[in-house]
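Some notes on the structure that comes next.
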Amino acid sequence: MGEELKGVIAEMLAEFQKIISVEAAVGTPIEFEDKVLIPVFSIGFGAGGGGGATHKEKEGAGYGVGGGGGLSPVALVAVFKGISGPEGLKVLSLKPSGALDKIVGEALPTVMEKVTEMRADKTAESAKTET
């Protein structure tokens, strides 16, 4: 790997290190009325690179690197002034519940009812065969 490529990769990783930190994941506290709100973020990033060379004369070599990242708000931590202990702390999710959460939540009572019925039927069958 050439020195130029090493330099580009090192520079890219140095920039990522500036972004990926606890300070980026846990935002600046915001005082609001009787509470302090602390934003919490999800951090994601990816990077990749590649290169090639040829052993023939008069033909070049090539390389490339790239990366990307992002922050997404996931929660707010509310710290209530004057209330100590766990009662003075509340975590508010900012993520919408997904379709799967909704489907499972709606279907679970029906599924549990059917399972209970099947168990009762099986128990009744076992009792008949034993007699």
Just to be sure before I move on: is LYS18 surrounded by 11 or more Cβ atoms within 10 Å (Cβ to Cβ), basic (Lys, Arg) and out of contact with any helix residue (DSSP H, G or I) (no Cβ under 8 Å at 6 or more places or on another chain) in the structure I sent?
no
Do you know which residues across the range 60-90 are surrounded by fewer than 14 Cβ atoms within 10 Å (Cβ to Cβ), of a type outside the set (S, T, N, Q) and farther than 16 Å from ILE38 by Cα?
GLY60, ALA61, GLY62, GLY64, GLY66, GLY68, GLY70, GLY82, ILE83, GLY85, GLU87
Evaluate the following for GLY60: is it out of contact with any strand residue (DSSP E or B) (no Cβ under 7 Å at 6 or more places or on another chain) and at pLDDT below 75?
yes
Those residues of the range 21-59 that are basic (Lys, Arg) and either surrounded by 10 or more Cβ atoms within 10 Å (Cβ to Cβ) or in contact with an Asp or Glu (Cβ under 7 Å, 6 or more places away or on another chain) (or both) come to a total of 1
Those residues that are at pLDDT below 90 and in contact with a Gly (Cβ under 8 Å, 6 or more places away or on another chain), I need them from the range 16-37; list them, please.
PHE16, ILE19, ILE20
Leading residue by the ranking (modelled with the lowest pLDDT) among those in the range 93-131 that are of a type outside the set (D, E, K, R) and outside any helix (DSSP H, G or I):
THR131
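Could you grab me the full set of residues in the range 31-52 that are aliphatic (A, V, I, L, M) and either under 23 Å from the mean Cα position of the chain (by Cα) or in a loop (DSSP other than H, G, I, E, B) (or both)?
LEU37, ILE38, VAL40, ILE43, ALA47
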Just to be sure I understand the filter: pairs with C-beta atoms under 7 Å, separated by 6 or more residues or on different chains, first member in the range 70-82 and part of a strand (DSSP E or B), second member acidic (Asp, Glu). Which pairs pass?
PHE80/ASP34
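The values are calculated or read from the model by the stated rules, or taken from the named source; none is laboratory data. These numbers were taken from a predicted model, which means no experiment stands behind them. Glycine also receives a Cβ, built like all others from the backbone with ideal geometry; neighbour counts cover every protein chain displayed.
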